[in-house]
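Have a look at the structure below, then the notes.
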Amino acid sequence: MQDFEFHRAQTISEAVHLIAEDEGALLLAGGQTLLPTMKQGLATPSALVALRDLPELTAITARGDGRLEIGAMACHADVAASTIVRQRLPGLAALAGKIADRHVRNRGTLGGSIANCDPAADYPAALLALNAVIATNEREIAAGDFFIGLFTTALERQEIVTSVHFPTVARFAYGKFSNPASRYAIVGTAVAKTADEVRVAVTGAGADGVFRWTEAEARLSECFGPRAINGIEPDAAMLNSDIHASAEYRASLIRVMTARTIASILAAE
Ligand SMILES: Cc1cc2nc3c(=O)[nH]c(=O)nc-3n(C[C@H](O)[C@H](O)[C@H](O)COP(=O)(O)OP(=O)(O)OC[C@H]3O[C@@H](n4cnc5c(N)ncnc54)[C@H](O)[C@@H]3O)c2cc1C
């Protein structure tokens, strides 16, 4: 690993300033992706700007307008254990509790996960299905505009994710067919049903990262039940093929996992 400067920002504006004045500087959340990447020589930042001294980034708050606001530096274990999240959006607490292992859950953060935008990460599917809004130091970005592609988001270089605002949707669940070693999603499906629409988002499978399965959404808007998606699958040509699963296998898994996720929502009622 090459030498680098290390800063512990005491305010968000200090973090922004440190990032702005050094083009090679990177933000550090829990280091669960960034540090291994640096150890492998795949990232060579001139400086790290740690966000861990900013308590305002870890708050989990139930807003008066019904939204749930989770700070970017909230670690997965805190989201999983939060009474507010378990009451308001239990499917999201369950998702956080199934990320990786105990070590990673205690260090990895919501903001780091979505900024990193790994195509097999769990949170992006939940944010997209729930139509969540990502707040940064500069603006608010709808999840549908935030996730651009593999490891690519709408964030500008000097932009820091500060929190995510989730609508508290009663009918929401996430199901994952996970890699048994890392627990990253081979296929993960998030389903949210509101009075107006059904949204289905898929992670782990898309060649271009997380995506909405609009054909399933249309069927489920007509009739919300696992059988509504019998006989349909996403086009395998737009899916990943790797040592874990072929594109065709993933296409089939997406239907199966979506059906199971819908069944789990109905079973909870
Ligand atoms: C063994 C292992 C297994 C894993 N399994 C899973 C899994 O099952 N499911 C899953 O979803 N994830 C999984 N992960 C990923 C993990 O959960 C973390 O979410 C992810 O590694 C990001 O880590 P971090 O929050 O520590 O961010 P860091 O590694 O510190 O940062 C990641 C990137 O995000 C940027 N960044 C961080 N915070 C912000 C911010 N607030 N604003 C803007 N940019 C920011 C950093 O500059 C960096 O580029 C796994 C990771 C490991 C190591």
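The values are calculated or read from the model by the stated rules, or taken from the named source; none is laboratory data. These numbers were taken from a predicted model, which means no experiment stands behind them. All Cβ positions, even for glycine, are placed from backbone atoms using ideal geometry, and neighbour counts span all protein chains on display. We work out accessible area using only protein heavy atoms, side chains counted, and drop any ligands, DNA or RNA first. Shrake-Rupley method; radii C 1.70, N 1.55, O 1.52, S 1.80 Å.
List of remarks:
- P(r) tail fraction, the range 5-50 - alpha-carbon pairs more than 14 Å apart, %: 44
- Burial ranking of peptide ranges 123-129, 259-265, 102-108 (average Cβ count within 10 Å, highest at the top): 123-129, 259-265, 102-108
- Share of carbon and sulfur in the accessible heavy-atom surface of the chain [1.4 Å probe, %]: 49
- Placing dummy labels 7 Å off each Cα toward the beta-carbon, the span from ASP53 to ALA218 is 5.4 nm.
- Per residue, the chain exposes an accessible area of 46 Å² to a 1.4 Å probe, with every protein chain left in place.
- Only Cα pairs under 8 Å and 6+ residues apart enter the sum, and on that basis the relative contact order of the range 19-136 stands at 21 percent.
- Exposure check, 1.4 Å probe, all protein chains in place: GLU233 carries approximately 80 Å² of accessible surface.
- Projected label points at ALA263 and LYS39, each 7 Å from Cα along the beta carbon direction, are separated by 3.9 nanometres.
- Set of lysines with alpha-carbon distance to LYS176 below 27 Å, sequence-local pairs under 8 removed: LYS98, LYS193
- Shown here for the range 4-79: GluC sites (Glu not before Pro) in loop regions (DSSP other than H, G, I, E, B) with at most 14 other Cβ atoms within 10 Å, namely GLU23.
- Calculated FRET efficiency for the pair ALA195/GLN87, C-beta based, R₀ 22 Å, to 0.05: 0.60
- Trypsin sites (Lys or Arg not before Pro) lying in DSSP loop within the range 152-226, provided at most 14 other Cβ fall within 10 Å: ARG157
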